[in-house]
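The block underneath contains the structure these notes are about, expressed in structure tokens.
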Amino acid sequence: MFASLSQQAKRLLQAEFPDLEVDVAWERPSARDHGDCTTTVALQLAKKVGRSPKEIAQFLVDGLQNMPDVENVELAGPGYVNVRLTLPALLKELEAAMNEAKPKESKKDEGPVIIEYSQPNIAKPLGAHHIIGTAIGQALVNIYRHAGHTVIAWNYLGDYGTQFGKLSVAFSKWGTKPVEQCSVDDLLDLYVKFHEEAEQDKALEDLGRAASLRLEEGDEELRAFWKKVVAITKESLGELYRRLHVSFDLDLGESFYEDKMVPVIEEGKAKGVFVEGEKGSLIVQFPNDLYPPYLILRGDGATLYSTRDLAQMKYRMETYHPQAIFIATDIAQKLHFEQLIETCRMLGWELPEFENILFGRMRFVEKSMSTRKGNILKLEHVLDEAVERAQKVIAERGDAIQTDEPAALAEMMGVGALVYGILSQNRKMDLVFDWEKMLSFDGNSAPYLQYTHARARSVLRKAEQEVSVQGVTGVTAMAPHDRLLVNTLLQYPTALQEALDTRMPHKLANYLYQLAQDFNAFYNAESILQAEESLRKLRLALTLLTADTLRAGTALLAIQVPDRM
């Protein structure tokens, strides 16, 4: 944004300091009534050129004051240059910003960005905590696609390992009906019973490990059981993902790498990266004890999560040649991925950009959770609870909420509140799950954004005319709330870019909340439909841009907004 302003400031500075390469960036002033944009370039250059920041800033103020698009320039604080644009220039910047924020064409000459998220375990229902990685991952997929990147949304299913051995033992001992007739909850009950019984009979753990090894070795009966369990779980997951507006391009799980692990193991041994550990195991010893030893193969020959992740990294690089791989997991996985990436480097593999997109743990105000103990707070139940609470709000507000489809609106509000409750927080912080806070419909919440969008659409319906920024003419002055809303709308491309660059969806969520607040302040302070014609056109254009931005921005967060509410 503000390209002409940047060019003029750069010309002035290069004429004054010809040996200096200068870039001038503009941002929104921290005090929102201090102009339309500000630059700190004077503070950045002071030491390099041996002048005070205020002297350089005053030089810029004098040079920019007479530009045709500038209404006023001021020096502020220790060396800030604050600029207030003319109304035509500000509206031109607004039109440019809205075009900049539109979805970009796909960059077909680039390798894809692989984003892995959700990662459910087969034979277990999704717990409430799964929504964190699932929501963050889907938001990042949407944001990267919006920016023009080719994205592979990848659900890495936990469909391999000792859990299946344990489940098969439990099913053979306590199953009461054919596996095809079992639900995911039935399978979870069997898994829980296994661990309850194993506390008294330690031999069960050995049976589970033995069954797991037979599965790896190709036991036909266990293979048939495993395939049925996978199918049951995928069907159950599909409905939850639909409600969350989550979709994947691939759902290749750990089992896919079954025949791809041996070549990696052999390569690691040949290169001296995998060495013998205790009881015949294979491990990676990191130079200077950078990390603890990394277990690659158990002494009994069984593979591990690490073995499959190495095979997966190699498969992804050789098959898709990605420009980046991002894997969203909670903080507990941090060491594993540090060890994984360092092992890849020790193997001499040429890695793309990689980041373990870490998020905090979910803690619960009311109870703890453990799949083994069976007291898991299921995501399905959390979604249902959210929708029930939304239904009560709709019923309580009666005619104040206008909708022909109360059930659909309740689903939109409830699920949206839950997803936004996750995405509006810094993902690196732990999240305390509190029913009242998470499913609040007031303040910084999805229902607040949804209501604001519906309010804006209502104004536009009543206007009954075509609206656009290009149609705004004859406006000689703006009210403070008009200008404040314009400047907030101008920040949309910046919010999108920051969310993408940092892989922090909360930067977009917080921007949308600020936009909703500023629109509602504008709506309550200024006449829109009853304003004189030129101002009416301006304010309707701002209303349209607000509605469009709220819809587009929330869609990137996988949240829907209604036209009526």
Listed residue pairs exceeding 18 Å between alpha carbons, taken from Lys166/Lys202; Lys437/Lys507; Lys428/Lys507: Lys437/Lys507
Can you list the lysines whose alpha carbon is less than 18 Å from that of Lys462, not counting same-chain residues fewer than 8 positions off? Lys537
Before anything else, pin down the relative contact order of segment 400-556: Cα pairs under 8 Å, at least 6 apart, normalised by residue count, whole percent. 32 percent
q = 0.24, 0.25 Å⁻¹, segment 470-514: log10 I(q)/I(0) [Debye, one scatterer per Cα]: -0.82, -0.85
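Where nothing but the Cβ of Lys and Arg (+1) and of Asp and Glu (-1) is charged, how large is the charge dipole of segment 400-556 around its Cα centre, in debye to the nearest 20?
260 debye
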Taking placed amide H atoms and a strict 5 Å upper bound, the residues 5 or more places from Phe354 or on another chain that come that close are Ile325
Counting other C-beta atoms within 10 Å, which of Met504, Met313, Met413, Met67 has the fewest, and how do the rest follow? Met67, Met504, Met313, Met413
Rg in Å to one decimal, and Dmax rounded to a whole Å, for segment 186-284 via C-alpha atoms: 18.1, 48
Using the Cα centre of segment 400-556 as origin and beta-carbon charges of +1 (Lys, Arg) and -1 (Asp, Glu), tell me which of Gly421, Leu485, Tyr513 is placed farthest towards the positive end of the dipole. Leu485
Sequence neighbours fewer than 8 away in the same chain don't count; with that in mind, list the lysines whose C-alpha is under 28 Å from Lys47. Lys10
By the Kirkwood definition, with r running over pairs of different Cα atoms, the chain has a hydrodynamic radius in Å of 27.2 Å
Grab the eigenvalues of the alpha-carbon gyration tensor for segment 111-167, scale each by 5, take roots, and send me the semi-axes largest first in whole angstrom. 28, 13, 5
What are the DSSP H helices in the chain that stretch 30 Å or more along their long axis, judged by alpha-carbon atoms, and whose average Kyte-Doolittle hydropathy comes to at least 0.5? none
Relative contact order for the chain: what percent, with Cα pairs under 8 Å and sequence separation of 6 or more? 14 percent
The Rg/Rh figure for segment 423-565, Cα atoms and Kirkwood Rh, to two decimals is 1.00
A student asked for the Cα radius of gyration and Dmax of segment 3-85 in angstrom ought to give 11.6, 35
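FYI, it's all coordinate maths here, none of it is from the lab. Every value quoted in this text rests on a predicted model; they were computed, and no experiment measured them. We place every Cβ from the backbone using ideal geometry, glycine too, and count neighbours over all the protein chains shown.
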